[in-house]
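Take a look at the structure set out below.
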Amino acid sequence: MQVEEVFHPGTLTCRSSDSLQEVASRMTAEQVGVLAVLEDDRIVGVISERDVVRAVAQSADPRTATADAFASHQVHTATFGEDTREVARRMLDAGIRHLPVKQGDAVVGVISMRDLLAVETWL
């Protein structure tokens, strides 16, 4: 199966200057575990629930600490046409649960480890 058959279209974002409180509120409202971090309308990182938990564990003030300070800046991506098993293998190797999905140069959505597990479970 290929990425474009199972990914979630649309990418939820936050600004790099958003507070962790704003990030957590957005994740809760949208019921997602990751946001793309934007600066000048380009993705500069991703921030996940794990990143927010890490910030709290380091005693960061969620009202003043920014998304940029705790985001992962090494952005891995999946692309249309990629095999879902290969994407799952890369995610496991990197220890990540979400990847932005690109079609050409445009980010068009997100694929999660849960999406990939569902593919394997229902095939």
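Every number here is computed from the coordinates shown, using simple stated rules; none is lab data. Keep in mind it's a predicted model, so treat the numbers as computed, not measured. For neighbour counting, all protein chains shown are included, and Cβ atoms are generated from backbone atoms with ideal geometry for every residue, glycine included.
Summary of computed values
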quantity: Per-region count, region 81-95, residues in contact (Cβ under 8 Å) with a residue 40 or more places away in the chain and surrounded by 15 or more Cβ atoms within 10 Å (Cβ to Cβ); calculated: 3
quantity: Qualifying residue in region 86-102 (condition: more than 21 Å from residue 5 (Cβ to Cβ) and among the small types (Gly, Ala, Ser)); calculated: yes
quantity: Within region 40-50, considering residues that are of a type outside the set (Gly, Ala, Ser) and under 15 Å from residue 100 (Cβ atoms), the one surrounded by the fewest Cβ atoms within 10 Å (Cβ to Cβ); calculated: 41
quantity: Evaluation of residue 21 against (1) within 16 Å of the chain's Cα centre (by Cα); (2) in a helix (DSSP H, G or I); (3) not β-branched (Val, Ile, Thr) (one fails), failing number; calculated: (1)
quantity: Unmet criterion (only one of (1) crowded, with 17+ Cβ neighbours inside 10 Å; (2) among the β-branched types (Val, Ile, Thr); (3) out of contact with any His (no Cβ under 7 Å at 6 or more places or on another chain)) for residue 64; calculated: (1)
quantity: Long-range neighbours under 8 Å by Cβ, at least six apart or interchain, first residue free of Cβ contacts under 8 Å to residues at least 12 places away in the same chain within region 100-123, second in a helix (DSSP H, G or I) and acidic (Asp, Glu); calculated: none
